[in-house]
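The values are calculated or read from the model by the stated rules, or taken from the named source; none is laboratory data. These numbers were taken from a predicted model, which means no experiment stands behind them. Positions of Cβ are backbone-derived with ideal geometry, glycine not excepted, and every protein chain shown enters the neighbour counts.
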Amino acid sequence: MSPPATISLKALKPHTADRRDRALRDDARSSGSCSRSGFVTAFVVALAVVAWFLHWVRRHGFTPFAIYRIVLGLILLAALYRADCLATEAKRGKLSSVETEIMLPDLQSCVLCEDARCEFNGMQTLVGVLNIVPTPKLPVNYLRLCIWTRWCSGAGRFHQRSKIVGPDDAQTVAQAEVDFDLKEMEGHATNVHYFGGVQFQQFGLHHVEVYLGDELRLRFPLPVIQVKQA
């Protein structure tokens, strides 16, 4: 009895390496053919375009191209100039908005006195501070009176109006106005209003008023009282 035939497993398995090599060769052939056809197509199209362009130039010349470049250049310059103008306006608007931002100041102090003197060191000396006006008879005349004020903790340009009013609040005994600037919150502004030839014609409770713009910021009493002569 003859032995059974044996079949090798290697013969049954597919040759994977051979198949991979064939696939790579096929891809290379197809890629090469595509590249050759693309090159030929691009060459033919470029040749046609160049031929058409040379024919067009022979008929019309380069004048249209020159006009086109000049017009395009002018348009680009105008666009750049416009953009620069807009940027400058925006910057100026931003700066102006910052500059016009106003912070109302605080009235640090206010004193009614007979005189305010500036010393050599820059300090100020107030002379004859008034809390009351005693007099045996009317009218009472002052050669000079001063309202000394100091503003702080603000920023902007402001208008101050100071006045002395009579007991009925209708009569204005003295009045003065001044504009002042506060450039930074840490700074201060000192104003001195001088009134010359002030005359009080009534006994009673007068008042000193200080306005910032149209807003009354301070009002304090100034009594004019009758005293007996010794």
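Within segment 201-221, the set of residues being loosely packed, with under 14 Cβ neighbours inside 10 Å and touching a residue at least 60 places away in the same chain (Cβ under 8 Å) comprises 201, 220. Hey, any hits in segment 66-87 for a residue that's hydroxyl-bearing (Ser, Thr, Tyr), within 30 Å of residue 156 (Cβ to Cβ) and either in contact with an Asp or Glu (Cβ under 8 Å, 6 or more places away or on another chain) or at pLDDT 85 or above (or both)? The answer is no, given that none of the residues of segment 66-87 is hydroxyl-bearing (Ser, Thr, Tyr), within 30 Å of residue 156 (Cβ to Cβ) and either in contact with an Asp or Glu (Cβ under 8 Å, 6 or more places away or on another chain) or at pLDDT 85 or above (or both). In the set (1) touching a Leu at 6+ places or on another chain (Cβ under 8 Å); (2) among the charged types (D, E, K, R); (3) modelled with pLDDT under 95, residue 91 fails one condition alone, (1).
Within segment 106-129, being modelled with pLDDT of 95 or more and part of a loop (DSSP other than H, G, I, E, B) holds for no residue. When the test is whether a residue is free of Cβ contacts under 8 Å to residues at least 40 places away in the same chain and either outside any strand (DSSP E or B) or aromatic (Phe, Trp, Tyr) (or both), residue 158 does not pass it.
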